[in-house]
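The values are calculated or read from the model by the stated rules, or taken from the named source; none is laboratory data. Fair warning: this is a prediction, and the values are worked out from it, not measured in the lab. All Cβ positions, glycine included, derive from the backbone under ideal geometry; neighbour counts span all protein chains shown. Each accessible area value is taken on the protein alone, full model and side chains, heavy atoms only, with ligands, DNA and RNA left out. Shrake-Rupley method; radii C 1.70, N 1.55, O 1.52, S 1.80 Å.
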Amino acid sequence: MNIDELKSVAEAIVAKQKGILAADESGPTIKKRFDVIGVESTEENRRQYRELLFTTEGSERYISGVIMFDETLRQSSGEGIPFAKLLSSRGIIPGIKVDKGAKALALYPGDKITEGLDGLRDRLAEYKQLGAKFAKWRAVIEIDEHEVPSPYAIQANAHALARYAALCQETGLVPIVEPEVLMDGAHDIDRCEAATSRVLESVFAELDAHRVVFEGMLLKPNMVIAGKKCLHQAATQQVAQATVRCLSRYVPAAVPGIVFLSGGQGPEEATGHLNAMNAMGLHPWQLSFSYGRALQEPVLAAWKGQESNVAAAQQEFFKRCRLNGLAREGTYSPVMETAAQ
Ligand code: 13P
């Protein structure tokens, strides 16, 4: 393992103003996104959509890395340039989602466990050959107002994340460790903070036990936020403070960066929360984004599968990239959403 190389890739991903585009929707998930805009999920439509994102001029100022799905890493632009090569030529680091999705955890009703460890060492070696420099594994932590997540589900997912992360570092890929406490449900922000605390505590204990080098990884957590159905939604400042407090307690300062998922927050909400955290001052780690929906929702809505809408869709994408780039510095303001580009 070349620690210096892992470290330099991890640091480049969380460089000033920059963050990650999560464009790694699996087959069923991208179909769900396309259904909303009435576009058929064919391989060619998926390829064209990803090309739209990956070729948006100026986005490279704010996007340091892209997470792709297996199919996308094997696809090329209309001109025949493999996407990994195209992104690299624009200074954007190619990454790959390597988990095989979350399934019900046997005998633990309501909990989930992520699959995909079998054969992972060989798959990682191939992804590296195809140009990936970092990887992602998502653990799904269900949450309700009572029993879920169970301590056992937290531990099982933390263990799987650590086995994945160790294999990545052995192969020379930077692992993005993603334990996502969901924001579905009616639980309040305190319950989210308690669950997120237990999860992060367990994840870092397992990573340490598996000899994962913290300097050569990134954490991709949820923000500490009330469930979508909770009647009391916390204000932006409260989310920022609870999230930073929770991370400060459980994430070692040796980790170069924390790249949040958006998890169902609206685009402006996700940008506002990131901005508030960075406006609080310096933290031990870079606080950045690895958004899927919060970067892509307006893009999909503008595109609708029409070639004639590509320019407008790219403009929407650039706008979200730029505003999240400002949120990296704590200089975003909601009035910028409507100001002239
Ligand atoms: P969202 O930002 O849409 O939550 O997606 C990020 C991601 O990569 C989920 O695994």
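A count restricted to region 80-131 and to residues that are in contact (Cβ under 8 Å) with a residue 60 or more places away in the chain and more than 24 Å from V199 (Cβ to Cβ) stands at 1. Report yes if T243 is open to solvent by 10 Å² or more (accessible area, probe 1.4 Å) and either over 18 Å from V14 (Cα atoms) or touching a Pro at 6+ places or on another chain (Cβ under 6 Å) (or both), otherwise no. For T243, the condition - open to solvent by 10 Å² or more (accessible area, probe 1.4 Å) and either over 18 Å from V14 (Cα atoms) or touching a Pro at 6+ places or on another chain (Cβ under 6 Å) (or both) - is not met. The residues of region 253-268 that are closer than 15 Å to K319 by Cβ and either part of a strand (DSSP E or B) or within 12 Å of the ligand (Cβ to nearest atom) (or both), listed by number, are G266, P267. For region 152-193, the candidate set comprises residues that are hydrophobic (A, V, I, L, M, F, W, C) and out of contact with any Leu (no Cβ under 9 Å at 6 or more places or on another chain); within that set, the residue that is nearest to A234 (Cα to Cα) is I189. The sole residue among S64, S8, S41 that is at negative phi, open to solvent by less than 30 Å² (accessible area, probe 1.4 Å) and at pLDDT 95 or above is S64. Residue pairs whose Cβ atoms lie under 7 Å apart, sitting 6 or more positions apart in sequence or on different chains, and linking a residue in region 134-148 that is under 24 Å from D190 (Cβ atoms) to a partner that is among the β-branched types (V, I, T) and within 16 Å of the ligand (Cβ to nearest atom), are A139/T114; V140/T114; I141/V181; I141/V199; I143/V181.
The set of residues in region 207-239 being outside any loop (DSSP other than H, G, I, E, B) and either open to solvent by less than 30 Å² (accessible area, probe 1.4 Å) or touching a residue at least 60 places away in the same chain (Cβ under 8 Å) (or both) consists of L207, E215, G216, L218, L219, V239. Count of region 269-313 residues, restricted to those that are touching a helix residue (DSSP H, G or I) at 6+ places or on another chain (Cβ under 6 Å) and part of a helix (DSSP H, G or I), is 20. Tallying residues that are without any contact (Cβ under 8 Å) to a residue 40 or more places away in the chain and basic (K, R) within region 294-341 yields 1. For region 62-76, filtered to residues that are away from the ligand (no atom under 11 Å from the Cβ) and in a loop (DSSP other than H, G, I, E, B), the residue that is farthest from L86 (Cα to Cα) is Y62.
Residues in region 281-304 that are more than 25 Å from R138 (Cβ to Cβ) and either loosely packed, with under 15 Cβ neighbours inside 10 Å or within 15 Å of the ligand (Cβ to nearest atom) (or both): G281, L282.
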